[in-house]
Amino acid sequence: MLFIVSLAGTLLTYLTMRYFLHYSGSTIFNVPSSLLSENALLGYIWTYIGSYIPVFAAVFFGSSAISGEIESKSAYSVFPLPVSRTTLICGKYLASLLVGLLIVLYYYAFFAVNSVLVLHTVDLQPFLLSLGLSALFLSAILSMAFLVSSIFNRATYSYVTVFLVYFLIFSALNYVIQLLYKYFPFYLLDNTSTIISRVFFNFNFSNLTFNLSINPLSADEILLYAAVMLAYSIISLLIAIFIFQEKEVK
Amino acid sequence: MLIKTASLRRKYGPVIALKGLDLSIETPGVYVILGPNGAGKTTFLKILSGLVKPSSGTATINGMDAWEKHPEVAAKMGTLIEQPEFHPYMTAREILTFHARLKGIADIEPEIRKVSLMTEITGYLDRKSGGFSRGMKQRLALASALLNDPEILLLDEPTFGLDPLGMILIRNVIKKLNTEYGKTVILSTHLINEASELADRILIFSKGELVYDRPADSEQKLSVTLKGDVSLISNLKPTVNGNVVYFDLAGKRTINNILAEILKKGLDIVSIRVMDNLEQIYVKMQGGNQPE
């Protein structure tokens, strides 16, 4: 996981140094480049790519949390120990969250260094906001991965299911709802995660009805999206705990 | 009352693994469960260790439900179920430390030293479990089960995959746990000689039912080859086959009593042998004929 993040960070660093420094186009996403701050643009690009890191971290650490223990038979030595199932799953969740957070921090450190090297500054407010929202998104997608993991007895099924739900089912629902009802379902987790980069530059690829604005997001909108992610975290984890408490190791 | 099950049933889809098991284990000892694959041995042990929920009926340990009160029940129990695996990147010491922490042991190092000496894994403590043989994993699992001095040990085929020396070691540990420390050991096995060697009480499972439950010595016979008139000892009610006579050793009848009686009648003893009848009983209980 760390290797993937290092690779992405290095590649983005190269592209930033190679092209961003010398960018002289007149428009970006059809917006006159004179209206865009370089900070916002650099932040958007880095955090847009970075918003996939929590997804991979969650799949990597969360999907096998329960199902992997059962598949590898380590459950036979761990589950009979005198610890409640709630303690076990919460301990695993916190450990995964901590490792995931360290990886997200590592990526944001890459981003900060690039920003300093290229623009000689870091726009601290959106940077910290994006970092906080990434952490929240990580906890949400991790909860979802734990929920899936508590259902299956094979880690591979969990990996595939989390990927399918996130990249296929959510995306399909997103476009179907938008096309049928002309309404943007912000509560689908992949849509909610767009907030991570939109704190820099309010542009949303997923929203077909989106009126492009270069104005920053409102505090209310950020709070709403954060609340959705928090709801995913809590509700998914509670369901995962409930399922795990009833889970048998046959 | 240590362990009690009442009408314990467990179904896996259409397959009934346990058919209303009624069993009580009240005194410490070594209880050996014999039975073929699919007899319900492992399901029974999994229910007791909180891995599987009964479909109906109850399983209690020290008066507490094995599933509902799992953490409390498990605090006094050590388990070795199926052939457990361990996180391959962790050393044996790290695994034991992790398990000891989850068992709430305060002074971990001396406890690890004690159980690793008992199971003879001291030399392997700092090696990663990913490189362990099946036998070493079994020993590590037993060491983990022994952490925190459990009152009850549930061992599912503990000598599976071990070489002969490993088997002897594990059997000696089990004997010692019972004779020196007064523990209750419930173990399942396919090996009849292992059952004879270890058991205080033998439980035979067949197709999800407990079909035999007796003290281990209740089926032993004494075979004596004599020189002289065997009719002189007809009062002992032996089974006679030429010069060889057989005596059941059930109840208060001891080898000493029988031999003393024979010598009193003036007969010469050529040879004696204690025979274990368990194999025949096992075959009979499984409803089949003994293989040729």
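Given the criterion without any contact (Cβ under 8 Å) to a residue 60 or more places away in the chain and within 30 Å of B:LEU155 (Cβ to Cβ), identify the matching residue among B:SER234, B:SER206, B:SER218, B:SER223.
Only one candidate qualifies: B:SER218.
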Residue check, A:TYR76 in a helix (DSSP H, G or I) and in contact with a strand residue (DSSP E or B) (Cβ under 9 Å, 6 or more places away or on another chain): yes
Report yes if some residue within region A:90-110 is closer than 25 Å to A:LEU224 by Cα and without any contact (Cβ under 8 Å) to a residue 12 or more places away in the chain; otherwise report no. yes
Going through region A:174-194 one residue at a time, which ones are crowded, with 18+ Cβ neighbours inside 10 Å and among the β-branched types (Val, Ile, Thr)? A:THR192, A:THR194
Out of B:GLU180, B:GLU194, sole residue that is over 24 Å from B:THR5 (Cα atoms), in the same structural domain as B:ILE16 (by TED's automatic domain parsing) and under 16 Å from the mean Cα position of the chain (by Cα): B:GLU194
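Conditions tested, residue by residue: (1) surrounded by fewer than 17 Cβ atoms within 10 Å (Cβ to Cβ); (2) modelled with pLDDT of 95 or more; (3) assigned to a loop (DSSP other than H, G, I, E, B).
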| position | (1), (2), (3) |
| --- | --- |
| B:LEU96 | no, yes, no |
| B:ARG101 | yes, no, no |
| B:ARG139 | no, no, no |
| B:ALA143 | no, no, no |
| B:GLY161 | yes, no, yes |
Residues in region A:214-250 that are among the polar types (S, T, N, Q), away from chain B (no Cβ under 14 Å) and touching a residue at least 60 places away in the same chain (Cβ under 8 Å): how many? 2
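Among the strands (runs of 3 or more DSSP E) contained in region B:1-69, which hold 3 or more residues that are small (Gly, Ala, Ser) and touching a Lys or Arg at 6+ places or on another chain (Cβ under 7 Å)? Outline the logic, then answer.
Numbers: elements: B:3-12, B:15-25, B:30-34, B:56-61.
Those strands (runs of 3 or more DSSP E) span B:15-25.
Please pick out the residue among B:THR27, B:THR42, B:THR79, B:THR60 that is under 27 Å from B:THR159 (Cα atoms), within 11 Å of chain A (Cβ to nearest Cβ) and surrounded by fewer than 24 Cβ atoms within 10 Å (Cβ to Cβ).
Details: B:THR27 fails: within 11 Å of chain A (Cβ to nearest Cβ); B:THR79 fails: surrounded by fewer than 24 Cβ atoms within 10 Å (Cβ to Cβ); B:THR60 fails: within 11 Å of chain A (Cβ to nearest Cβ).
B:THR42 is the lone residue from the list that is under 27 Å from B:THR159 (Cα atoms), within 11 Å of chain A (Cβ to nearest Cβ) and surrounded by fewer than 24 Cβ atoms within 10 Å (Cβ to Cβ).
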Mind checking whether some residue in region A:72-80 is touching a residue at least 40 places away in the same chain (Cβ under 8 Å), more than 14 Å from every other protein chain (Cβ to nearest Cβ) and hydroxyl-bearing (Ser, Thr, Tyr)? no
Looking at region B:172-185 only, could you name the residues that are touching a helix residue (DSSP H, G or I) at 6+ places or on another chain (Cβ under 7 Å) and surrounded by 19 or more Cβ atoms within 10 Å (Cβ to Cβ)? B:VAL173, B:ILE174, B:LYS183, B:VAL185
If you scan region B:82-100, which residues turn out to be within 9 Å of another protein chain (Cβ to nearest Cβ) and within 26 Å of the chain's Cα centre (by Cα)? B:GLU82, B:GLN83, B:PRO84, B:GLU85, B:PHE86, B:ILE95, B:HIS99
Which residue, of B:THR91, B:THR119, B:THR97, is in the same structural domain as B:LEU51 (by TED's automatic domain parsing) and within 16 Å of B:PHE160 (Cβ to Cβ)? B:THR119
Residue within region B:105-123 that is more than 19 Å from A:SER84 (Cα to Cα), of a type outside the set (Ser, Thr, Tyr) and within 12 Å of chain A (Cβ to nearest Cβ) present: no
Output the helices (runs of 4 or more DSSP H) that fall wholly within region B:178-292 and possess 3 or more residues being farther than 19 Å from B:PRO36 by Cβ, or say none. B:255-264
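The values are calculated or read from the model by the stated rules, or taken from the named source; none is laboratory data. Note that the coordinates shown come from a computational prediction; the quantities given were computed from them, not determined experimentally. As a convention, Cβ positions derive from the backbone with ideal geometry for all residues, glycine included, and neighbour counts pool all protein chains shown.
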